[in-house]
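K.L.:
Take a look at this one; I'll ask things after.
The values are calculated or read from the model by the stated rules, or taken from the named source; none is laboratory data. This is a predicted model, so every value here is computed, not measured. Note: ideal-geometry Cβ built from the backbone for every residue, glycine included; neighbour counts use all protein chains shown. Ligands, DNA and RNA are stripped out before the accessible areas are found, and what is left, the full protein with its side chains, is counted by its heavy atoms. Shrake-Rupley method; radii C 1.70, N 1.55, O 1.52, S 1.80 Å.
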Amino acid sequence: MRVKSITFVMALLLFAGSLVGCVAPKEDSRYERLFEQMTIEEKVGQMVQIRVIETVDEGFLEEASREFVGMPSEETKEMIQECHVGSVVLYSSLDPSFSAEYTNVLQQWANETKLGIPLIIAADFETGPGYSTFRGVDPFPQQMGVAATRSTALAEEIAGAIARQSRAMGIHWNYSPVADVNTNPFNPVIGVRSFGDDPDLVSSFVAAYVRGYQSNGMIATAKHYPGHGDTSVDSHLDLPKISQDIETMRKIHLKPFQAAIDSDVDSVMTAHILIEQTDKSYPATLSPEILTGLLREEQNFNGIIVTDGMSMGGIVKHFGIEEASVLAVKAGADVVMATGGYGDQVRTYNGILEVVKRGEISEERIDESVRKILEQKQDLGIFENAFVDPGEASACCSSRGYHELALNAARRSITLLKNQGGLLPLSEHVRSVLVTGPVGAEDIAKQLERKIEKVVVYETSSAEQSNGWSPSARDIRKAKRSARSVDAILVTTYSSFKPPIAEGQVRLVEELKETGKPVVVVSLGLPYDVASLPPVDAYLATYSLNRWQSPRTGYGSVPLVYCQAIAGVVCGDFNPVGRLPVQIPNTGFDRGSGLSYK
């Protein structure tokens, strides 16, 4: 649908007012009067969260305009107005101004319903709006990078900035922080999204993020309960199984969630993982033993439980959409995230509604969840005003101060693990450098060109996600020839899951070492790459790209702030101060490892 400029008259809704207790509100509260007018259809709708269709595809960014990209679909409007959904989740956007316009349309549709209950709008902003907004906002470091700074004060500042940027765009609920303890180096889906492999370190940073988000008006979410850090299967693809006993879970994986709960976290997201010694039949998302017994009763969590996406392989390969949605509610979930297509969203809503009408789930059980959701909306202030100003969103997100905060955090995260002979920082006699590798070489070279007399760049063209970003033999030969005319070589590596690093990347480093030129390796994904590489002169871990690389700028693109930070550290403008948040097996690099320049 083509949308021109949109203006809204901001009206104070009839039912705005103070909430007192989600279980036993005062009889004279306007919030309770709103609740009492709701039909069972409207109540069930509040418990369903829909994923809106992707707002932009990176393939047509160059020619995209607001008219071309479009606004929410009529199917989304139907879900809001006919199925009464209480929240939506966004996954990508063109820029902050577009996001604000988009969320305003969603809120206008909600405002047109009988009761005019506003939507809570959620997003996966683990590194801020720059994580999935294509332009106009810088991403902050991945969580492992933030932990490498060892500064919980900086972490809280970053979370506060993310909250303010998000609220300016009309987004209230962040699916962050990741509270998983990444104890498995071969974890296929968590990796640098985690703060590290030590439960105490992870707990301190989870608590800092919760404070930063929620003190700035954003719902924080500790995920993925009860812990996705020791899995070897990606739950987007299938159901991971964990055989750890409950005492090990308590000692390691539940600790960060308890830290979040002790910090009054507003929500917890479930994991589609099977904890075999706790519930052999159902994954955590569908397990009463885990969601009610463990999370509610043992860990004393009273906030909103939201499922992870119900269209993920860990659910749909083993359960039907309707069945899984009903089981999640029975287990204790308050919000079911319907991330599939329109048909799946309708089935989710109808599936829950039908069992409630049959009496299989009591209306009292539904009321418990709906009151929590309405109370959260009241706390957010969106009953009074759910709309945002697109111009203010753009100005907020592009603030120079936020760019400097992201750049400072990126610099402080970079971890120097090897520096033979004091190769780094590159001294005055290094006047020429080859920058090569499967990911990010061109982006980093642009920043080095400002500091080094001659920069030669060769980014291996055959490095695709499907082959593990593995350079071909032809690429390796070309890179080796390019090294003849330079004083030093900088090689980027990238891995995000098993195996730790592609064979072609290892061969590239081996061949470049044969030139006799000093070699600096910069790992852009997991820090574990060093375990697979031959000895190199210098090694920097940056933690800058996650499992899906960088959605903001496309596969394999390194965020600008990291390119600037890497160039600054390599050339000695900044002293590396990052400390390793994980242990790297079979290398001698323990948690806390990290060198600085003399």
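K.L.:
Sort segment 402-524 into rounded, prolate or oblate with this rule: let a ≥ b ≥ c be the square roots of the eigenvalues of the Cα gyration tensor; rounded if a/c is under 1.5, and if a/c is not under 1.5, prolate when a/b is larger than b/c, oblate otherwise.
P.N.:
oblate
K.L.:
Quote to one decimal, in nm, the extra length available between Gln81 and Arg481 on full extension: 0.36 nm per residue of separation minus the C-alpha distance between them.
P.N.:
Contour length minus Cα-Cα distance gives 137.7 nm.
K.L.:
Mind checking the per residue accessible area of segment 354-401 for me, 1.4 Å probe, whole number of Å²?
P.N.:
Accessible area per residue: 48 Å².
K.L.:
I would also like to ask the following. Starting from the amide H of Thr270, placed 1.01 Å from N in the peptide plane, find each other amide H under 5 Å away whose residue is 5 or more places distant or on another chain.
P.N.:
The list, which skips near neighbours in sequence, is Tyr225, Val306, Thr307, Asp308.
K.L.:
Also, I was wondering about something else. Calculate how many DSSP beta bridges within the chain are antiparallel, expressed in % of all such bridges and rounded to the nearest 5.
P.N.:
Within the chain, antiparallel bridges account for around 15 percent of the total.
K.L.:
Put +1 on the Cβ of every Lys and Arg and -1 on every Asp and Glu Cβ in the chain; which of Asn174, Ala565, Gly160 then has its Cα farthest towards the positive end of the dipole?
P.N.:
Farthest towards the positive pole: Ala565.
K.L.:
Next question, about the same structure. At a probe size of 1.4 Å, how large is the accessible area of Arg507, to the nearest 10 Å²?
P.N.:
Estimated to the nearest 10 Å², Arg507 gives 80 Å².
K.L.:
Under a cut-off of 19 Å between alpha-carbon atoms, report the aspartates and glutamates in cross-link reach of Lys357, not counting same-chain residues fewer than 8 places apart.
P.N.:
The reachable aspartates and glutamates, counting only those whose Cα sits under 19 Å from Lys357, are Glu36, Glu41, Glu42, Glu82, Glu322, Glu323, Asp334, Asp367, Glu368.
K.L.:
Measure up Lys251/Lys377; Lys517/Lys598; Lys251/Lys418 against 30 Å on the Cα-Cα distance and list the ones that go over.
P.N.:
Cα-Cα > 30 Å for Lys251/Lys377; Lys251/Lys418; rest within.
K.L.:
Could you pull out every residue, at least 5 positions away or on a different chain, whose amide H is within less than 5 Å of the one on Leu490? Hs are placed 1.01 Å off N in the peptide plane, and Pro or chain starts have none.
P.N.:
Leu434, Val435, Thr436, Val520
K.L.:
Can I ask one more? Tell me whether segment 501-598 comes out rounded, prolate or oblate; compute the Cα gyration tensor, take square roots of the eigenvalues as a ≥ b ≥ c, and use a/c under 1.5 as the rounded threshold.
P.N.:
rounded
K.L.:
Quickly work out the Ser232-to-Ile40 label distance, labels modelled 7 Å from Cα along the C-beta direction, and quote it in nm with one decimal.
P.N.:
Going from the Ile40 label point to the Ser232 one covers 4.7 nm.
K.L.:
Here's another thing I want to ask about it. At 1.4 Å probe size, with the rest of the protein present, what percent of the exposed accessible area of the chain is carbon and sulfur atoms?
P.N.:
46 percent
K.L.:
Grab the beta carbon distance between Glu323 and Glu392, set R0 = 45 Å, and tell me the FRET efficiency rounded to 0.05.
P.N.:
With a Förster radius of 45 Å, E is 0.55.
K.L.:
Between His403 and Val316, how many nm apart are label points set 7 Å from Cα along the C-beta direction?
P.N.:
4.0 nm
K.L.:
What accessible area per residue, rounded to a whole number of Å², is obtained for segment 301-346 using a probe radius of 1.4 Å?
P.N.:
So segment 301-346 comes to 26 Å² accessible per residue, rounded to a whole number.
K.L.:
Another question about this same structure. Before anything else, pin down the relative contact order of segment 395-477: Cα pairs under 8 Å, at least 6 apart, normalised by residue count, whole percent.
P.N.:
Averaging sequence separation for qualifying contacts and normalising by length gives 21 percent for segment 395-477.
K.L.:
In whole angstrom, note down how far apart the Cα centers of segment 345-382 and segment 123-176 are.
P.N.:
Their Cα centres are 30 Å away from one another.
K.L.:
Which FRET efficiency value, to the nearest 0.05, do you get for Lys446 and Glu514 by plugging their Cβ-Cβ distance into 1/(1 + (r/R0)^6) with R0 = 25 Å?
P.N.:
Computed FRET efficiency for Lys446 and Glu514: 0.35.
K.L.:
Sort out for me the Cα centre separation of segment 481-532 from segment 101-118, rounded to whole Å.
P.N.:
51 Å
K.L.:
Can you compute 3J(HN,Hα) from phi for each residue in segment 314-319, using the Karplus curve 6.51 cos²θ - 1.76 cosθ + 1.60 with θ = phi - 60°, rounded to whole Hz and x for Gly and Pro?
P.N.:
Per-residue couplings from phi come out as x, 9, 5, 6, 10, 9 Hz.
K.L.:
While we're here: Provide the per-residue ³J(HN,Hα) series for segment 180-188, in order, calculated from phi with Karplus coefficients 6.51, -1.76, 1.60 and θ = phi - 60°, each as a whole number of Hz, with x at glycine and proline positions.
P.N.:
Coupling constants for segment 180-188: 6, 9, 7, 7, 9, x, 9, 4, x Hz.
K.L.:
I'd like the Karplus ³J(HN,Hα) series for segment 204-220: coefficients 6.51, -1.76, 1.60, θ = phi - 60°, whole numbers in Hz, and an x wherever there's a Gly or Pro.
P.N.:
Running phi through 6.51 cos²θ - 1.76 cosθ + 1.60 with θ = phi - 60° gives 5, 6, 4, 4, 5, 5, 4, 4, x, 5, 6, 6, 10, x, 10, 6, 8 Hz.
K.L.:
I need the GluC sites (Glu not before Pro) found in segment 377-460, filtered to DSSP loop residues with at most 14 other beta carbons within 10 Å of theirs.
P.N.:
Glu384, Glu428, Glu453
K.L.:
Rounded, prolate or oblate: which fits segment 208-260 when a ≥ b ≥ c are the square roots of the eigenvalues of the alpha-carbon gyration tensor, with rounded for a/c under 1.5 and prolate only if a/b beats b/c?
P.N.:
The shape class here is oblate.
K.L.:
Another question, if that's okay. Fully extended, how many nm does the chain gain between Ser73 and Lys251 (0.36 nm per residue separation, minus their Cα-Cα distance)?
P.N.:
Contour length minus the Cα-Cα distance gives 59.5 nm.
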